[in-house]
Amino acid sequence: MPKADTIDIAGVTLSHPDKVLWPEQGVSKRDLAAYYVSMAGRILPHVANRPLTLVRCPSGRQGACFVQKHPWPGLPKAVRRLRCGDEEWVGVDDLAGIVALVQAGVLELHPWGATADDLERPDRVVLDLDPAEGVPWARVVEGARTLRTGLEGMGLRGFVKTTGGKGLHVVLPIEPAADWEAAKAFAHDVAARLAGREPDRYTTNPLKEARKGLIFLDHLRNSRGATAVAAYSTRARPGAPVATPLTWEELSEDPQVNRRTLADPPRGDAWEGFFSMKQRLPG
């Protein structure tokens with residue numbers, strides 16, 4: 001039988017559904033949409049009603065990719081326009097919105113740390129462990145565990161996820177009480193204290209020449225308008241990796257154990273209790 005030129009998924013028309021997006025695995029547009037259908041209940045709480053930064057690759061991962069934050073001509077009806085001060089950003093409310101982004105060639109979803117209903121008060125803090133080339137994965141895991149212990153010492157619970165790349169995120173859900181400056185200052189303080197104690201392992205300096213052999217503790221994702229890859233989002237990288245929430249018990253020093261892809265997607269709800277946490281930043 002000939003391949004269909006269009007199919008409907010979640011009420012959205014997907015054109016050329018068999019177009020390959022990750023050539024190494026043969027993952028198609030249809031496959032990506034089906035993945036998000038299966039993960040809708042998990043990913044939507046992390047991306048719905050939030051301004052999004054998107055990575056669009058209309059020709060697939062190996063073609064030209066670009067970052068998109070603002071609405072474009074022909075924006076699908078299922079994708080929202082969100083007013084953020086003087087700018088308009090894009091957002092979604094439901095599965096149809098995500099599938100519409102798949103139709104637009106979006107391979108990565110990066111939400112703000114605040115909802116559209118309360119843009120000036122973040123509801124999460126992200127501490128990004130970004131290792132320089134050659135830093136062993138086990139050291140990244142050790143760093144995430146050290147951050148966890150430090151947060152627990154302040155009476156705070158952090159959650160860990162892979163980024164779908166070479167690093168880890170420690171994510172702290174908070175009640176939207178503090179403003180962006182307070183969130184950024186808190187993240188900087190946590191990162192600077194760890195880098196100050198162990199300067200041979202960590203740095204808060206974003207310059208590449210200052211990061212050789214070190215793990216960059218990126219606190220800058222907590223500024224207004226900054227974003228971090230969503231839990232359960234795919235990445236436009238070889239292997240079709242997925243940013244995957246983990247329990248702390250699952251976190252492994254073996255770099256292959258926690259790797260999840262579209263061929264082997266995340267299983268279960270590793271972040272149980274994430275959205276019901278009632279905690280605020282100190283001070």
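The values are calculated or read from the model by the stated rules, or taken from the named source; none is laboratory data. Keep in mind that what you see is a predicted model, and the values were worked out from it rather than measured. Cβ: placed from backbone, ideal geometry, glycine included. Neighbour counts: every protein chain shown. When the accessible area is computed, the model is the full protein with side chains, heavy atoms only, and any ligands, DNA or RNA have been set aside. Shrake-Rupley method; radii C 1.70, N 1.55, O 1.52, S 1.80 Å.
The table for this structure:
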read-out: Scan of segment 41-66 for residues that are open to solvent by 10 Å² or more (accessible area, probe 1.4 Å), of a type in the set (A, V, I, L, M, F, W, C) and outside any helix (DSSP H, G or I), ordered by number; value: ALA48, VAL55, ALA64, CYS65, PHE66
read-out: Residue under evaluation THR204, criteria (1) more than 21 Å from ARG145 (Cα to Cα); (2) of a type in the set (Ser, Thr, Tyr); (3) touching a His at 6+ places or on another chain (Cβ under 8 Å), criterion not met; value: (1)
read-out: Selection from segment 147-196 of residues that are among the β-branched types (Val, Ile, Thr) and more than 21 Å from the chain's Cα centre (by Cα); value: THR149
read-out: Any pair with Cβ under 8 angstrom, 6 or more apart, that starts in segment 184-201 at a residue that is within 14 Å of LEU129 (Cα to Cα) and surrounded by 18 or more Cβ atoms within 10 Å (Cβ to Cβ) and ends at one that is among the acidic types (Asp, Glu) and at pLDDT 95 or above; value: ALA191/ASP218
read-out: Failed criterion for LEU75 (all others in (1) aliphatic (A, V, I, L, M); (2) touching a residue at least 12 places away in the same chain (Cβ under 8 Å); (3) assigned to a loop (DSSP other than H, G, I, E, B); (4) open to solvent by 40 Å² or more (accessible area, probe 1.4 Å) hold); value: (4)
read-out: Residue within segment 238-255 that is among the hydrophobic types (A, V, I, L, M, F, W, C), open to solvent by less than 10 Å² (accessible area, probe 1.4 Å), in contact with a Gly (Cβ under 8 Å, 6 or more places away or on another chain) and over 14 Å from GLY143 (Cβ atoms) present; value: yes
read-out: Test for ALA210: is it of a type outside the set (S, T, N, Q) and at pLDDT 95 or above; value: no
read-out: Positions within segment 64-98 being basic (Lys, Arg) and touching a helix residue (DSSP H, G or I) at 6+ places or on another chain (Cβ under 9 Å), in sequence order; value: LYS77, ARG80
read-out: Breaking point among (1) of a type outside the set (Lys, Arg); (2) more than 27 Å from PRO58 (Cα to Cα); (3) at pLDDT 95 or above; (4) surrounded by fewer than 19 Cβ atoms within 10 Å (Cβ to Cβ), for ALA226; value: (2)
read-out: Residue ID - least open to solvent (accessible area, probe 1.4 Å), chosen from residues in segment 1-37 that are in contact with a strand residue (DSSP E or B) (Cβ under 7 Å, 6 or more places away or on another chain) and among the β-branched types (Val, Ile, Thr); value: VAL27
read-out: Number of the exception - LEU101 against (1) part of a helix (DSSP H, G or I); (2) among the aliphatic types (A, V, I, L, M); (3) in contact (Cβ under 8 Å) with a residue 12 or more places away in the chain; (4) open to solvent by 10 Å² or more (accessible area, probe 1.4 Å); value: (4)
